[in-house]
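Worksheet: one structure, shown below.
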Amino acid sequence: MQRRRGTPGLAWRAGPLALLLVLAGCGQAGPSASVPAETGPAESAVPSTTPEAAVESLRAGMVGDESTLNPYTYVTGFPGWNLLMLQYDSLLQFDVNGEPQPWLASGYEVSADGLTYTVTLVDGVTWNDGTPFTADDVKFTVDYFQANTQSRFTRDLSGVASVTVDAPNKVTITLTSPNPSFPIRALADVPIIPKHIWESVTTPAEATFDSPTNVGTGPYKLVEYVADQSYRFVANETYFRGAPAVKELVLVQYADEAGIVAALRTGDVQAGFRSISPEQVEALAAAPGIDVAQGPEFTTQMLYFDVTKAPFDQLAVRQAISLAIDRQDMVNTVYLGKGTVGNSGWTHPSSPFFNAAVATTTDVARANALLDEAGLTDSNGDGIREFDGNPMSFELLAPSDNPLRLRLAELSREMLAQIGIDAVVTSIERDTLVNRVWPDFDVSKGRDYEMSIFGWSAPVQVDPAQITALVASDPAVGSINIAGFKNAEADRLSGEILVEGDPTRRKDLLGQLQALVADQVPFVMLLYPDGNYAYNADAYDGWAFIAGQGVVNKLSFLQPDSRP
Amino acid sequence: MRTERRSSRVLQYVLVLLIAITLNFMLPRMMPGNPLALLAGADVGLLSPEQRAEVAARAGLDRSIVDQYTAYLGDLASGDLGFSYRQKRPIVDMILERLPWTFLLAGSALLFSAVVGVALGAFSAWRRGRPADLTLLGVMIALDSLPSFWLGMLFVSFFAVQLGFFPSGGAITAASSLEGVDLVLNIASHAVLPVLTLSLLSVPGVYLTMRYAMLSVLGEDFIRTARAKGVSERGVLFRHVARNALAPVATVLALRLGLAFGGTVVVETVFSYPGLGRLIFEAVSGRDYPVMQATFLVFTVAVLLSNLLADVLYPLIDPRARAT
C-alpha cells in the first residue's frame with residue numbers, strides 16, 4: 001500500500017478492498033464480508049492519527065443512486081451495503097484486519113458439532129428511536145429475512161434451522177449443517193433490524209424513506225435523501241461504541257467517476273467513495289490538497305472460456321492459454337503497475353488462505369509445445385492452428401463500458417496470437433455480455449460464449465470457501481461456475497471445504513483446491529486491480545481501511561478507541 | 001369537412017400513441033439482459049433456483065408476455081406507472097422529482113438557442129455571401145458536429161475545475177438549506193454549464209433553418225414588389241422576410257421541444273444532473289423494465305405533444321396552411 005502524497009499519519013495496510021467491479025464488473029453484488037486477512041507485512045492496521053475533536057461535516061462523492069438505503073431497498077453491494085451499515089449494526093464487526101470481532105454480540109460459542117451458535121448480546125444498546133435492543137430483535141431479524149427474500153441476507157441465513165431466545169441478551173442459533181463460514185457470511189454481514197418497526201411491514205421491498213424503516217442501532221441516521229442528488233447522515237451521538245468522529249456526513253451523487261474526480265478538484269467534495277482508474281491517480285495526487293491512498297483489492301480480472309466446448313475441453317489447450325498470458329505485462333500496461341499479478345490458483349497472494357506453492361508461469365515456447373503435442377498444428381501456414389480441420393479462431397467478449405477490460409482483451413488477443421490461437425475481440429454492452437456468459441444468473445442454464453473477460457467482486461475472495469462456487473459442478477454449490485468446469489476431485493474438495501470446521505485442515509483443503517485450479521485451468525486468473533482512493537487529508541484523515549472492504553465503513557467514522 | 005379532418009387527426013395521434021406504448025413495452029424485453037439482478041439484489045447468482053423464481057414471480061415476470069402487457073395497459077389506464085426494480089419506489093414519484101430539472105435545462109436551452117439561432121440566422125441571411133455570413137456559417141457547421149459529451153467535459157475542466165467559476169456537477173449544493181435568492185442563484189450557477197452545452201449544440205440547427213428560410217423568402221416575387229414599392233431594407237427584412245421565414249422555424253422549434261428531453265441524456269450524465277435523462281440511462285443499464293417503459297412513455301408523449309403543437313401553430317403563423 002502506498003500513499004501518493006506524504007502527509008503524516010495514516011498507514012494503510014495491504015488490505016484488499018471490497019469494491020466496484022462486481023459481477024462482470026457491472027457494479028453490482030458486493031462485499032458480503034471480509035476475509036480474516038493477516039496479510040500486509042510491516043503495515044500497521046490502525047491509522048496513527050487520532051481524530052480528536054469531532055469533524056463538523058464531511059462531503060464525499062459517490063456514483064449512482066442507492067434508493068432509500070434500508071435493508072430491502074439499497075441497490076448495490078458497494079457502496080450500497082456499506083452505507084446501509086452506517087445505520088445498522090451486525091452481531092460481529094470486521095476489524096481493520098478483516099477479522100470478525102464482537103459488536104452487538106459480546107461473544108459467541110460454537111458447539112462441537114458446529115451446529116449451534118450461542119450468542120450473548122451487549123447490554124444497554126438502544127435503537128436510534130430510543131427503544132431498547134434485545135434478543136427478540138435478533139430472532140426477529142433472522143425470521144424476517146428468511147420469510148421475505150432479500151437476496152443477500154436471505155442467502156446468508158439460509159442454513160439457519162431455528163433461533164431461540166434464551167434470555168433478553170442471549171440467543172441460540174441452530175444450523176441445518178455445519179458451516180465454518182457462518183460468522184463471516186452471516187453474523188458479520190446481516191444488519192439487525194428492529195422488531196417493533198418491521199413487524200408491521202408486509203411489503204418490505206416497497207418501504208420508502210418516509211416510513212420509519214431506517215431505524216437502526218448504527219452510528220449514523222439518514223435524515224435526508226434527495227433522489228439522484230444526495231444523502232445526509234447525522235451522527236448518533238449516543239452510539240453504544242461512542243459518538244462518531246464526524247458529525248454530519250453528506251454524500252453527493254455523481255453520474256460517473258469523472259464527476260467525482262472533478263468535484264474533488266473543485267473542492268465540492270473532500271473524499272471519493274469509489275476507486276479511481278489508474279491513469280487518473282498520478283494527476284489527482286499532483287493536485288493540491290488531495291491524497292490518493294492505494295491498496296490491493298480482492299476484485300478479480302479473469303479470462304474465461306466455455307470448458308464444455310471443444311477445444312476448451314482439452315486440458316492442453318487451457319494450459320497453453322494460461323502459459324501464453326503474460327500477467328505482469330497486463331498489470332504494467334493496462335493498470336500502470338497498480339495491481340497484483342494474478343495467481344493461477346485464483347486466490348490473492350495476500351489472502352491468509354493463499355497456497356504459496358502454486359506458481360504462475362509464462363512460457364510461450366512450452367505453450368506451443370503443448371499444443372503441438374496435442375496435435376493442434378497449423379497445417380496451412382496461416383499462423384492459426386487448426387482443430388478438427390477448423391481454424392482455432394474464437395470470439396473473445398469484453399464489456400463496451402469498461403476500457404480496462406477491453407484493453408485486457410486486446411492484450412490477450414496479442415498474447416494468444418503467439419501460440420497460434422486467434423481471439424477475435426468483440427465489445428458488447430455489459431448486460432448483454434452477462435446474459436451470454438451467465439444466462440439468467442443461473443449456471444444450470446448453460447452459456448453462450450467462447451471466451452470472455454470477466455471478473456468477480458471482492459467478497460467472492462473474502463470468504464475463502466467461495467472458491468468452491470467457481471469450480472464445483474453441482475449448480476447448488478458451484479453457483480458461479482460460469483466456465484462449466486466439471487472435475488471429480490474439485491467436487492470432492494469443495495464438499496469437504498464447505499463443512500470442515502478445523503481451521504488447519506480447512507486451509508490445507510483450500511490449498512489443494514488452488515493447486516488443482518492452477519493445474520486444470522478452469523479459467524485464467526489475470527490480475528487483481530488496486531484500489532485508489534482520493535481524499536483531502538486536511539478535511540478528514542481518520543479513515544480505517546478494512547481488509548476486503550476499503551475505507552467506506554463505519555469504523556472510518558468512529559473515534560479510534562471505539563473501533564474493535 | 002373540418003371537424004372530420006380534425007377527428008381523423010386525433011385518431012392518428014391516438015393510434016401512434018398506442019403503437020408507441022406497445023413498442024415501449026416490447027423494446028426492453030427484446031433487449032438481451034435480465035432484470036433479475038436488480039430485482040433480487042447483487043447476489044442474485046447465489047440464490048437457489050426457488051428463491052430466484054419467487055423473486056421473478058413477485059415482479060410478475062413469470063407470467064406470459066400477453067398477460068404482462070394487458071396488466072401494463074390496465075395499470076397505465078389507471079395512471080399507475082409501477083415500481084422501479086432498482087429503487088423500489090413508485091415510478092411516478094421518481095419521474096416527478098426529475099421532470100422539473102429536465103424542464104429547466106431543456107427549456108432554458110431551447111429558449112436560448114431559439115433567440116440566438118433566429119437572430120444569427122436572420123443576420124446571416126441579410127449578409128448572405130459576405131464574410132460575416134460565411135464566417136458564421138462555418139462556425140455553426142463546426143459547432144453542429146461537436147459531440148455533446150466532449151463539449152461538456154471541456155466546460156467542466158475549464159470553467160469548473162481550472163477557473164472555479166461554476167460547480168462541476170449536480171443541480172444544487174447538497175444539504176445546503178439555502179433559501180430565497182441564494183437558492184435561485186445556487187440553482188442558476190449549477191445550470192449555467194449544462195444549459196450552455198445544450199444550447200450551443202442546438203443553436204446551429206435553428207440558425208441553419210432560419211438562414212435557409214430567409215434566403216428562400218428573399219428570392220420571392222413579393223419581396224421584389226415590396227422593395228419596388230420603396231419599403232426600407234429594414235422593413236423588408238423584418239416585416240416581410242423574417243415574418244414569412246418564421247413558419248418553418250417555429251415548426252422546427254416545436255419539434256425540438258419534444259426532442260429536447262431526449263437530448264439531455266448525455267449532458268445530464270456529464271454534469272451529474274438529476275434529470276430524466278440520467279434516469280433513463282440508469283434504467284437501461286440493469287434493465288429496469290418498468291422505469292424504461294415509463295421514461296420512454298414520457299419521451300413519446302413529449303414528442304407527440306410537440307408535433308401536435310406544430311400542427312396547431314403552423315396554420316396560425318402561415319395563413320396558407322388554413323386554406324385547404
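The values are calculated or read from the model by the stated rules, or taken from the named source; none is laboratory data. Computed from a predicted structure; not experimentally measured. All Cβ positions, glycine included, derive from the backbone under ideal geometry; neighbour counts span all protein chains shown. The protein model used for the area step is the full one, side chains on, heavy atoms only, and it has no ligands, DNA or RNA in it. Shrake-Rupley method; radii C 1.70, N 1.55, O 1.52, S 1.80 Å.
Quick check on this structure: which one of A:R327, A:R318 is within 30 Å of A:R506 (Cβ to Cβ), of a type in the set (K, R) and open to solvent by less than 10 Å² (accessible area, probe 1.4 Å)?
Criteria check complete, one pass: A:R327.
Listed here are the residues, each with its yes/no results for (1) within 14 Å of chain B (Cβ to nearest Cβ); (2) open to solvent by 10 Å² or more (accessible area, probe 1.4 Å); (3) under 21 Å from the mean Cα position of the chain (by Cα).
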position: A:V443; (1), (2), (3): yes, yes, yes
position: A:M451; (1), (2), (3): no, no, no
position: A:F454; (1), (2), (3): yes, no, yes
position: A:A469; (1), (2), (3): yes, no, yes
position: A:S473; (1), (2), (3): no, yes, no
position: A:S479; (1), (2), (3): yes, yes, yes
position: A:G484; (1), (2), (3): no, yes, no
position: A:A488; (1), (2), (3): no, yes, no
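So A:R155 clears everything in (1) open to solvent by 10 Å² or more (accessible area, probe 1.4 Å); (2) more than 30 Å from A:P503 (Cβ to Cβ) except one condition, right? Which one?
For A:R155, the failing item is (2).
On the given criteria, is A:G218 at positive phi, outside any strand (DSSP E or B), more than 7 Å from chain B (Cβ to nearest Cβ) and in contact with a helix residue (DSSP H, G or I) (Cβ under 9 Å, 6 or more places away or on another chain)?
no
Identify, from the list B:A20, B:A57, B:A53, the residue that is more than 7 Å from chain A (Cβ to nearest Cβ), open to solvent by 10 Å² or more (accessible area, probe 1.4 Å), assigned to a helix (DSSP H, G or I) and touching a residue at least 24 places away in the same chain (Cβ under 8 Å).
Answer to the selection: B:A20.
Are any of the residues in the range A:501-511 free of Cβ contacts under 8 Å to residues at least 60 places away in the same chain, more than 13 Å from A:T347 (Cβ to Cβ) and assigned to a loop (DSSP other than H, G, I, E, B)?
Looking for residues that are free of Cβ contacts under 8 Å to residues at least 60 places away in the same chain, more than 13 Å from A:T347 (Cβ to Cβ) and assigned to a loop (DSSP other than H, G, I, E, B), one finds at least one in the range A:501-511, hence yes.
Quick one: what pairs do we get from the range A:182-203, first residue surrounded by fewer than 18 Cβ atoms within 10 Å (Cβ to Cβ), second among the polar types (S, T, N, Q) and in a loop (DSSP other than H, G, I, E, B), C-beta under 7 Å, 6+ apart or different chains?
Partner pairs satisfying both residue conditions: A:H196/A:T131.
What's the total number of residues in the range B:296-324 that are among the polar types (S, T, N, Q) and over 12 Å from the mean Cα position of the chain (by Cα)?
Matching residues across the range B:296-324 total 2.
Please indicate, with yes or no, whether at least one residue in the range B:292-311 is open to solvent by less than 30 Å² (accessible area, probe 1.4 Å), among the polar types (S, T, N, Q) and within 14 Å of chain A (Cβ to nearest Cβ).
yes
Pick from the range A:230-244 the residues that are over 26 Å from the mean Cα position of the chain (by Cα) and of a type in the set (A, V, I, L, M, F, W, C): which of them is nearest to the other protein chains (Cβ to nearest Cβ)?
Top of the filtered list is A:V234.
Filter the range B:237-284 down to the residues that are within 21 Å of B:P204 (Cβ to Cβ), under 11 Å from the mean Cα position of the chain (by Cα) and within 11 Å of chain A (Cβ to nearest Cβ) and list them by number.
B:V265, B:G277
Which of (1) more than 18 Å from B:P28 (Cβ to Cβ); (2) in contact (Cβ under 8 Å) with a residue 60 or more places away in the chain is the odd one out, the single condition B:S306 does not satisfy?
For B:S306, the failing item is (2).
Do you know which of the residues in the range A:507-533 that are modelled with pLDDT of 95 or more and of a type in the set (S, T, N, Q) is most open to solvent (accessible area, probe 1.4 Å)?
A:Q512
Looking at the range B:23-47, which of the residues that are more than 7 Å from chain A (Cβ to nearest Cβ) and assigned to a loop (DSSP other than H, G, I, E, B) is least open to solvent (accessible area, probe 1.4 Å)?
The selected residue is B:P35.
Considering only the range A:355-405, state which residues are outside any loop (DSSP other than H, G, I, E, B), touching a residue at least 40 places away in the same chain (Cβ under 8 Å), open to solvent by less than 70 Å² (accessible area, probe 1.4 Å) and away from every other protein chain (no Cβ under 14 Å).
Residues satisfying the conditions are A:V364, A:A367, A:N368, A:L370, A:L371, A:F387, A:F394, A:E395, A:L396, A:A398, A:L404, A:R405.
Could you tell me how many of the residues in the range B:165-179 are over 26 Å from the mean Cα position of the chain (by Cα) and at pLDDT 90 or above?
Within the range B:165-179, residues that are over 26 Å from the mean Cα position of the chain (by Cα) and at pLDDT 90 or above number 1.
Here are A:A227, A:A263, A:A255: which of them is over 25 Å from the mean Cα position of the chain (by Cα), touching a residue at least 12 places away in the same chain (Cβ under 8 Å), surrounded by 22 or more Cβ atoms within 10 Å (Cβ to Cβ) and within 14 Å of chain B (Cβ to nearest Cβ)?
So the residue among A:A227, A:A263, A:A255 that is over 25 Å from the mean Cα position of the chain (by Cα), touching a residue at least 12 places away in the same chain (Cβ under 8 Å), surrounded by 22 or more Cβ atoms within 10 Å (Cβ to Cβ) and within 14 Å of chain B (Cβ to nearest Cβ) is A:A263.
Would it be correct to say that B:A175 is more than 14 Å from chain A (Cβ to nearest Cβ), among the hydrophobic types (A, V, I, L, M, F, W, C) and farther than 30 Å from B:G258 by Cα?
Answer is no for this residue.
What number goes with the only condition from (1) open to solvent by less than 30 Å² (accessible area, probe 1.4 Å); (2) within 27 Å of the chain's Cα centre (by Cα); (3) within 14 Å of chain A (Cβ to nearest Cβ) that B:W101 does not pass?
Only one criterion in (1) open to solvent by less than 30 Å² (accessible area, probe 1.4 Å); (2) within 27 Å of the chain's Cα centre (by Cα); (3) within 14 Å of chain A (Cβ to nearest Cβ) is unmet by B:W101, namely (1).
Could you grab me the full set of residues in the range A:439-455 that are in contact with a helix residue (DSSP H, G or I) (Cβ under 7 Å, 6 or more places away or on another chain) and in a loop (DSSP other than H, G, I, E, B)?
Once the filter is applied, which keeps residues that are in contact with a helix residue (DSSP H, G or I) (Cβ under 7 Å, 6 or more places away or on another chain) and in a loop (DSSP other than H, G, I, E, B), the range A:439-455 yields A:D442, A:G446, A:R447, A:D448, A:Y449, A:G455.
Give the number of residues within the range A:277-315 that are open to solvent by 10 Å² or more (accessible area, probe 1.4 Å), in a helix (DSSP H, G or I) and modelled with pLDDT under 95.
6
Helices (runs of 4 or more DSSP H) wholly in the range A:45-163 with at least 3 residues that are under 30 Å from B:P35 (Cα atoms) and under 22 Å from the mean Cα position of the chain (by Cα) - which ones?
Fully inside the range A:45-163 and qualifying: A:80-87, A:151-156.
Looking at (1) over 30 Å from A:I290 (Cα atoms); (2) of a type outside the set (A, V, I, L, M); (3) not in a helix (DSSP H, G or I), can you tell me which one B:G164 breaks?
Looking at each condition in turn, B:G164 falls short on (1).
If you take the residues in the range B:141-162 that are among the small types (G, A, S) and in contact (Cβ under 8 Å) with a residue 60 or more places away in the chain, which one is nearest to the other protein chains (Cβ to nearest Cβ)?
Here the answer is B:G152.
Here is a check on your reading of the model: is B:A250 open to solvent by less than 40 Å² (accessible area, probe 1.4 Å), in contact with a His (Cβ under 6 Å, 6 or more places away or on another chain), hydrophobic (A, V, I, L, M, F, W, C) and closer than 24 Å to B:L316 by Cβ?
It is false that B:A250 is open to solvent by less than 40 Å² (accessible area, probe 1.4 Å), in contact with a His (Cβ under 6 Å, 6 or more places away or on another chain), hydrophobic (A, V, I, L, M, F, W, C) and closer than 24 Å to B:L316 by Cβ.
Report, by residue number, each residue of the range A:266-276 that is crowded, with 24+ Cβ neighbours inside 10 Å and within 11 Å of another protein chain (Cβ to nearest Cβ).
A:V269
If B:Y85 satisfies all but one of (1) aromatic (F, W, Y); (2) more than 25 Å from B:S168 (Cβ to Cβ); (3) part of a helix (DSSP H, G or I), what's the number of the condition it fails?
Tallying (1) aromatic (F, W, Y); (2) more than 25 Å from B:S168 (Cβ to Cβ); (3) part of a helix (DSSP H, G or I), B:Y85 fails exactly one: (3).
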